Amino acid sequence: MKILVVGGAGYIGSFMTRVLQEQGYEPVVLDNLSTGHRASVDKVVTFINGNISDPNLLKDLFKTHAIEVVMHFSAFSLVGESIQAPLLYYRNNVANTLHLLSAMADAGVEKFIFSSTAAIFGNPVEVPITESHPKNPINPYGHSKNMIERILEDLSAASGLRYVSLRYFNAAGGHPAGTMGEDHRNETHLIPLILKSLLDTGKEKKSLTVFGTDYNTTDGTCVRDYIHILDLAQAHMLALKYLISGGVSDCFNLGNGKGFSVLEVIKAAENVTGRKVPVTYGERRSGDPAVLVAGSGKIIDAFNWKPEFDSLEEIIGTAWKWHSSFPEGYND
Ligand code: UDP
């Protein structure tokens with residue numbers, strides 16, 4: 001069965017593509033390589049270098065390939081950047097997704113899995129954050145994803161489209177074999193930054209800045225819910241099977257359900273690597289809520305999903321294997 005993986009060369013999309021292959025599906029990757037890596041996708045996978053804003057490309061793609069389900073990972077996802085460049089985010093995350101949904105409708109493709117985010121909830125009024133938490137995004141990134149969720153709801157009510165929206169908390173980790181992992185040209189995420197600060201690549205060693213120490217948390221630093229990338233991919237597989245077997249449109253929060261502060265993450269990385277993280281303490285980063293922890297009870301009940309990597313050390317261990325094996329990331 002052919003599955004279109006839009007953004008299949010990005011961090012999450014590339015793991016998804018690999019898991020689809022391993023589980024006997026036929027992924028077709030569409031990616032413009034603006035942030036993804038060709039080398040993160042197996043050469044045997046059909047790879048189309050292009051944009052979802054190109055209607056002719058999408059029309060041809062759906063004509064050439066009998067796509068059953070579309071998984072959509074291509075989006076910009078940095079809160080700070082979205083505040084600086086809202087148009088970029090609304091164009092890429094909203095307008096381009098509309099192009100994709102239109103082309104799907106024209107081609108009669110009616111199953112869709114959407115990468116959503118905890119950022120649609122804004123500052124939590126209640127933790128853990130369940131699906132009934134009010135949606136109140138506080139930055140353009142969160143708004144852009146929330147807008148698509150709204151559009152999907154309307155589209156699903158008016159047409160044959162059925163979708164699953166998965167709201168990720170903090171995706172992290174690498175493949176246990178050490179061969180795949182996070183490789184952002186402009187790295188902003190906590191775990192890769194910590195691990196990169198520990199690698200002596202001959203360049204000037206960079207310390208890790210802790211963004212804010214005066215939050216209302218046990219140690220004053222922000223608390224996040226880190227979910228292993230393969231557990232996240234597995235949740236998509238279950239969503240895929242759900243839609244294939246006729247499941248109705250639905251939304252799920254997706255995290256481990258456990259929160260760790262920035263200082264706890266640093267400590268765990270020190271335990272895993274046996275090295276001391278060079279730390280400096282800085283100002284709060286704008287747009288960061290103090291605590292984001294998922295209530296994942298709904299997806300656990302609905303799909304019998306269970307995270308396999310449920311210790312932070314394990315998650316960081318897989319990331320360390322990747323970063324220490326490939327300090328320069330993918331070779332492309
Ligand atoms: N963080 C930090 N220093 C960094 C990068 C991140 O203290 O150099 C903190 C950030 O403020 C947040 C947490 O680490 O509380 C996770 O941030 P990340 O960017 O990895 O993911 P986000 O929660 O923004 O999706």
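The values are calculated or read from the model by the stated rules, or taken from the named source; none is laboratory data. Fair warning: this is a prediction, and the values are worked out from it, not measured in the lab. Note that each Cβ is placed from the backbone with ideal geometry, even for glycine, and that neighbours are counted across all protein chains shown. All accessible areas refer to the heavy atoms of the entire protein, side chains included, with ligands and DNA or RNA removed. Shrake-Rupley method; radii C 1.70, N 1.55, O 1.52, S 1.80 Å.
Only a single criterion out of (1) surrounded by fewer than 20 Cβ atoms within 10 Å (Cβ to Cβ); (2) touching a residue at least 60 places away in the same chain (Cβ under 8 Å); (3) outside any loop (DSSP other than H, G, I, E, B) is not satisfied by Ile191, namely (1).
Determine whether Ser249 is crowded, with 19+ Cβ neighbours inside 10 Å and touching a helix residue (DSSP H, G or I) at 6+ places or on another chain (Cβ under 9 Å). For Ser249, the condition - crowded, with 19+ Cβ neighbours inside 10 Å and touching a helix residue (DSSP H, G or I) at 6+ places or on another chain (Cβ under 9 Å) - is not met.
The sole residue among Asn186, Asn256, Asn271, Asn216 that is more than 9 Å from the ligand (Cβ to nearest atom) and part of a helix (DSSP H, G or I) is Asn271.
Within the range 282-307, restricting attention to residues that are near the ligand (Cβ under 10 Å from one of its atoms) and assigned to a strand (DSSP E or B), the residue that is surrounded by the fewest Cβ atoms within 10 Å (Cβ to Cβ) is Gly282. Is it the case, given these coordinates, that His323 is within 16 Å of the ligand (Cβ to nearest atom), crowded, with 20+ Cβ neighbours inside 10 Å and within 19 Å of the chain's Cα centre (by Cα)? Answer is yes for this residue. Looking at Ser53, Ser115, Ser82, can you tell me which residue is under 23 Å from Tyr163 (Cα atoms) and within 16 Å of the ligand (Cβ to nearest atom)? Among Ser53, Ser115, Ser82, only Ser115 is under 23 Å from Tyr163 (Cα atoms) and within 16 Å of the ligand (Cβ to nearest atom).
Within the range 226-246, the residues that satisfy the criterion of being more than 29 Å from Gly212 (Cβ to Cβ) and open to solvent by less than 10 Å² (accessible area, probe 1.4 Å) are Ala233, Ala235, His236, Met237, Ala239, Leu240, Leu243. Anything in the range 266-276 that is surrounded by fewer than 18 Cβ atoms within 10 Å (Cβ to Cβ) and in contact (Cβ under 8 Å) with a residue 12 or more places away in the chain? List them, or say none. Those that are surrounded by fewer than 18 Cβ atoms within 10 Å (Cβ to Cβ) and in contact (Cβ under 8 Å) with a residue 12 or more places away in the chain: Asn271, Arg275.
Among the residues in the range 121-128, are any of a type in the set (S, T, N, Q) and open to solvent by less than 10 Å² (accessible area, probe 1.4 Å)? No, because not a single residue in the range 121-128 is of a type in the set (S, T, N, Q) and open to solvent by less than 10 Å² (accessible area, probe 1.4 Å). The residue pairs whose first member lies in the range 1-29 and is touching a residue at least 12 places away in the same chain (Cβ under 8 Å), whose second member is buried (at least 24 other Cβ atoms within 10 Å of the Cβ) and hydroxyl-bearing (Ser, Thr, Tyr), and whose beta carbons are closer than 6 Å, counting only pairs six or more residues apart or on different chains, are Val5/Thr17; Val6/Ser74; Gly7/Ser74; Gly8/Thr17; Ala9/Ser40; Ser14/Ser40; Pro27/Thr17; Val29/Thr17.
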